[in-house]
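Working notes for the structure below.
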Ligand SMILES: Cc1cc2nc3c(=O)[nH]c(=O)nc-3n(C[C@H](O)[C@H](O)[C@H](O)COP(=O)(O)O)c2cc1C
């Protein structure tokens, strides 16, 4: 099985990747949170940090791009090729209202002519192979039948299917019936994404879909960065390993974000996921959420690591 790390803006960026691979078994492939190619033809400072080869050494990283202008996409893919990348990913899944109104992300799924023009343009001119990360549609899962037919007209390197529609956001269960149909009918290799939160979920997906050879994990890996190692037969992450991982993530984030408030905000976001992997952690997690100073934050984190055991089958819990 190939294990892929999902792009999660603000969560699985370059610093997470560095800390995760340092302390645990690396994913076979990591996708960057989306970059936005625009007519300005520049990579922002944030985007440059995300794709800086020095921040991604020793792991396979695929930059993800979101937009509907083929020429801008092709330009950015060229810039990424210069940096050494060998694949780019097109985001056709982002459900955010502001993105969708601009006919980007999942919004493009409802604009068949614009989607066709985009796919024609990028598959014609892009200097790198292209994979796609897609939802099923905007409103109804059945929208996916013609969408997959369209994808099948192109040499898609890999099709990552998050079997929800835009209107679901992240609620409810992924539609596994439609996913099974996609696995049967896609010309491109299909990767399964959505609600694989722990090792047991990944094993259940593999058992349900014998043809499946790749799984993308987002919130589960953010909650338990040792999940891939566990799936590969290594010992599950213990408190010492998770503490060391947190120490690295904190040090890297502190070096990146000098503003203390912004640093605390970012680390609290990481704990929304990491906190799920511990038993009886409500009190220290509340203290982490409430911490206004670094000493308060550090004391709450120390308390959590000393008092709370790591859960069995650790991973994300959708509360
Ligand atoms: C905070 C957050 C940020 C995300 N950012 C991106 C993104 O930049 N690009 C993308 O394709 N998906 C993004 N996603 C969706 C994830 O990649 C993934 O599809 C989703 O979390 C479902 O997988 P999971 O159940 O394994 O978490 C994001 C999800 C979350 C919760």
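Throughout, read-outs are computed from the coordinates displayed, never taken from laboratory work. Every value quoted in this text rests on a predicted model; they were computed, and no experiment measured them. We place every Cβ from the backbone using ideal geometry, glycine too, and count neighbours over all the protein chains shown.
If each DSSP helix of 4+ residues adds -39,500 (n - 2.57) and the sum is divided by the residues in the chain, what number results at 222 nm, nearest 500 deg cm²/dmol?
It comes out at -13500 deg cm²/dmol, rounded to the nearest 500.
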Revision key, fill the gap. Across 5 Å bins beginning at 0, the whole-percent shares of Cα-Cα pair distances in the stretch 239-319 come to 3, 15, 28, 28, 16, 8, 2, 0
Practice item. For the stretch 30-93, take the alpha-carbon Rg, divide it by the Kirkwood Rh, and send me Rg/Rh. Key: 0.92
Check your understanding: Calculated FRET efficiency, residue 184 and residue 1, Cβ-Cβ r, R0 22 Å, to nearest 0.05?
Key -> 0.75
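Report, to two decimal places, the Cα Rg of the stretch 22-163 normalised by 2.2 N^0.38 Å (N = number of residues).
1.03
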**Study point:** Helix 294-307 vs. the chain, principal-axis angle (Cα, 0 to 90°, nearest 10)
**Key:** 80
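For residue 299 and residue 149 in the same chain, what is the full-extension length gain: residue separation times 0.36 nm, less their Cα-Cα distance, in nm? Write down the numbers at each step before the final one.
Values: separation 150, 0.36 × 150 = 54.00 nm, distance 5.45 nm.
Going from the current span to full extension adds 48.6 nm.
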Exercise for review: Give the Debye-formula value of log10 I(q)/I(0) at each listed q (0.19 Å⁻¹), with one equal scatterer per alpha carbon of the stretch 173-249, two decimals each.
Suggested key: -0.82
Point to revise | Descending semi-axes in whole angstrom, ellipsoid equivalent of the stretch 161-312, from the Cα gyration tensor | key: 34, 17, 14
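Between Rg and the Kirkwood Rh of the stretch 117-244, both from Cα atoms, what is the Rg to Rh ratio?
1.03
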Exercise for review: Mind jotting down the distance between the C-alpha centroids of the stretch 234-262 and the stretch 1-69, whole Å?
Suggested key: 18
Exercise for review: May I ask you to sort 85, 145, 3 by Cβ crowding, counting other Cβ atoms within 10 Å and putting the fewest first?
Suggested key: 145, 85, 3
Check your understanding: Which of 185, 68, 55 comes first, and how do the rest follow, when ranked by fewest Cβ neighbours within 10 Å?
Key -> 185, 55, 68
Review point. Per Stokes-Einstein, at 4 °C and 1.567 mPa s, what whole-number D in µm² s⁻¹ belongs to the chain, with the Kirkwood radius over Cα pairs as the hydrodynamic radius?
Key: 64
Exercise for review: On each of the three principal axes of the Cα atoms of the stretch 274-319, give max minus min coordinate, whole Å, ordered largest first.
Suggested key: 32, 22, 13
